[in-house]
1. Evaluate the following for residue 351: is it within 13 Å of the ligand (Cβ to nearest atom), of a type in the set (Ser, Thr, Tyr) and farther than 23 Å from residue 283 by Cα?
2. Of these, 189, 122, which one is within 16 Å of the ligand (Cβ to nearest atom), surrounded by 16 or more Cβ atoms within 10 Å (Cβ to Cβ), of a type outside the set (S, T, N, Q) and assigned to a helix (DSSP H, G or I)?
3. Which pairs have Cβ atoms under 6 Å, sit 6 or more apart or on different chains, and link a residue in region 220-232 that is touching a residue at least 24 places away in the same chain (Cβ under 8 Å) to one that is within 10 Å of the ligand (Cβ to nearest atom) and outside any loop (DSSP other than H, G, I, E, B)?
4. In region 27-38, what residues are within 18 Å of residue 2 (Cβ to Cβ) and assigned to a helix (DSSP H, G or I)?
5. Would you check if there is a residue in region 372-391 being outside any strand (DSSP E or B), within 16 Å of the ligand (Cβ to nearest atom) and surrounded by fewer than 15 Cβ atoms within 10 Å (Cβ to Cβ)?
6. Which residue out of 154, 110 is buried (at least 19 other Cβ atoms within 10 Å of the Cβ), in contact (Cβ under 8 Å) with a residue 12 or more places away in the chain and away from the ligand (no atom under 16 Å from the Cβ)?
7. So, restricting to helices (runs of 4 or more DSSP H) that lie completely within region 420-491, which ones have at least 3 residues that are open to solvent by 20 Å² or more (accessible area, probe 1.4 Å) and in contact with a Leu (Cβ under 7 Å, 6 or more places away or on another chain)?
8. So which residues in region 121-165 are among the β-branched types (Val, Ile, Thr) and in contact with a strand residue (DSSP E or B) (Cβ under 7 Å, 6 or more places away or on another chain)?
Amino acid sequence: INLKPTVVVIFGGTGDLNMRKLAPALYNLYSDNYMPGNFAIIGTARKKLTDQKFRDTLMEGVNSFSRNGKVKKDKWTKFAEHVHYNPVDVSAPDTFASLKTLIERFQNEFGPTTQVVYYLAVAPNLFPLIAQCISKYGLAGTEESCKVVIEKPFGRDLETAKELNKLLTGIFTEKQIYRIDHYLGKETVQNIMAFRFANSFLEPLWNRTYIDHVQISVTEQLGVGDRGGYYDGAGALRDMIQNHILQLLCLVGMETPINFDADEIRNKKVDVLKAMRPFGPDDIRFSTVRGQYTKGWVEGKEVPGYRSEKDVDADSNTETFAAIKFFVDNWRWQGIPFYVRTGKRLFQTSSLITIQFKDVPHHIFPGSVTEHWQQNRLIISIQPEMSIRLQVQAKRPGLDMVLNPVDMVFDYKGTYSSDTPEAYETLLLDVMTGDQTQFMRADQVESAWELLMPVVNSWESKKSLSFPNYTADSWGPEDAEALIARDGFHWFTLP
Ligand code: BG6
């Protein structure tokens, strides 16, 4: 593809995100011939490093975290020639001057069509400072010549998200701002729209007449690890539900866009958020569950409870698990519950969307035939298994008439031989080509916060007396089972 000459400036160049995700993604794009003919990558951070030292650090990152394993020597040497380092200390904004000189050097070298992408892979308190420096040094450019990528978390509540939007849109236009939600770059997540809107058989069934309920479950085996400092001020609601999970819910719930235009698609998603039923005080009591893990055994090793993790308050009130029952008040979904859950240190790492269809209107088979009866389900498995399963009833082969559920499976591994790109590869390429479809618009972020604020406020203001309330390696607090069991359902998992 024909890409404009690009200078990628990574703030937080020596940080974890660059090592684990950005550098491997940029290197893989380069290896697959998806980088522009002319490009430069400039890492910035407080540390003083030579270009060579920075390149070596990035190589270690790529070697450890790339989906393709270790770098190929020749490719890496060529790629590394594009990589540079310029120390910047945002608390001493004058250090921006040398960054500006370096950017201008590449702009002159690559010509007038050059675009600059500023990637803010830093702690959120630095977003405003960096954006202001970009502006002060005359580096904010135009829609054609400059883009800024903002990592999550985007605000810690509705008010701070609005403030950040205000600040950013005072410096850049909305078309220049790319708010990342890496779930939207996942192959299987992008396929939800393809599956829904490129097949004719689903749409007639995709509504309250045929669907019983929807489940979105994003469970993780890992604990908070080294991220206690960040996580203890965030919790599962802010870390996963406000962004990733609500975005998945929008993809399931949205109306059909009239075309594939970025704003049209985002309009349809915002409509879902706007239609979601606001929480009243009783809803918080009956429709939400929070949890925090205590120590337990994972694969034969004892793991600490959340309150004993590094940088976590010994008396922490932060939830490491959240389950919520939502409703979408519109014609398509009225009365159909959307159950979501997410948590750390759970029994399995798995992201699943389950659509459970209603039962047949009348059973014609005697009970002996349908002992294993199960309502139809569509299961979209986002990770680690990448598949879509349709569970249907079928006759078991044999002389007796016995029915049991079977899976019709579209499995990525079995269907495609090529490896799937990482979310960050897709998203970085989208930034370079100027496609905002998979990025969060200001109103999407704000609507999601608006919906969740009553829960955020309630959980923060009332200390949970039951914490810690689930054991590491379990499926979370019992109340989360009760939340869904009360309605006659249970959380679905893959074997
Ligand atoms: C991040 C959260 O956004 O997503 C992490 O901050 C979480 O806490 C991660 O572990 C999950 O992403 P993935 O791609 O591993 O499912």
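The values are calculated or read from the model by the stated rules, or taken from the named source; none is laboratory data. No experiment lies behind these values; they were computed from the predicted model shown. Positions of Cβ are backbone-derived with ideal geometry, glycine not excepted, and every protein chain shown enters the neighbour counts. Heavy atoms of the whole protein, side chains included, go into the accessibility calculation; ligands, DNA and RNA do not. Shrake-Rupley method; radii C 1.70, N 1.55, O 1.52, S 1.80 Å.
1. Criteria met by residue 351.
2. It is 189.
3. As it stands, the answer is 224/231, since those pairs meet every condition given.
4. Result: 29, 30.
5. yes
6. 110
7. So the answer is 442-461.
8. Matches in region 121-165: 122, 130, 134, 148, 149, 150.
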